Amino acid sequence: MQEPGRLLVFAPDGSARLGAVEVGRFPRTTTSARGRAHVSAVADATVTVVDLERLAVLDTLHVDRRGEPGAHGLAYVPGCGCLGS
């Protein structure tokens, strides 16, 4: 069985690794905005919401498979705070 994934967080200039946060298995896509990262995990069919300042998981969203292999592909829609998969 595959181990959980890890989101590695670096300083904005890329000079230092700030930490890591455990996310779902087989992380596929990551997007970030407004101090949060969203990481889709195909094997678990989840999207993990991460607070980038505290390096903490805020929520884990479960995505219905509906014939798909799992959660993949993310889009952030500015102005509405929407996140699509």
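The values are calculated or read from the model by the stated rules, or taken from the named source; none is laboratory data. The structure presented is a predicted model; accordingly, all values stated were derived computationally and were not measured. Glycine also receives a Cβ, built like all others from the backbone with ideal geometry; neighbour counts cover every protein chain displayed.
Here is a yes/no grid of residues against (1) part of a strand (DSSP E or B); (2) free of Cβ contacts under 8 Å to residues at least 12 places away in the same chain; (3) not hydrophobic (A, V, I, L, M, F, W, C):
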{"site": "Gln2", "(1), (2), (3)": "no, no, yes"}
{"site": "Arg6", "(1), (2), (3)": "yes, no, yes"}
{"site": "Val9", "(1), (2), (3)": "yes, no, no"}
{"site": "Ala20", "(1), (2), (3)": "yes, no, no"}
{"site": "Arg28", "(1), (2), (3)": "yes, no, yes"}
{"site": "Ala43", "(1), (2), (3)": "no, no, no"}
{"site": "Val47", "(1), (2), (3)": "yes, no, no"}
{"site": "Arg54", "(1), (2), (3)": "no, yes, yes"}
Notebook entry, point to check: If Glu3 passes every condition in (1) on the phi < 0 side of the Ramachandran plot; (2) modelled with pLDDT under 95; (3) loosely packed, with under 14 Cβ neighbours inside 10 Å; (4) out of contact with any Lys or Arg (no Cβ under 8 Å at 6 or more places or on another chain) but one, which one does it miss?
Noted result: (4)
Checklist line | Single residue of the stretch 6-58 satisfying the filter (within 23 Å of Pro69 (Cβ to Cβ) and small (Gly, Ala, Ser)) that is surrounded by the most Cβ atoms within 10 Å (Cβ to Cβ) | finding: Ser40
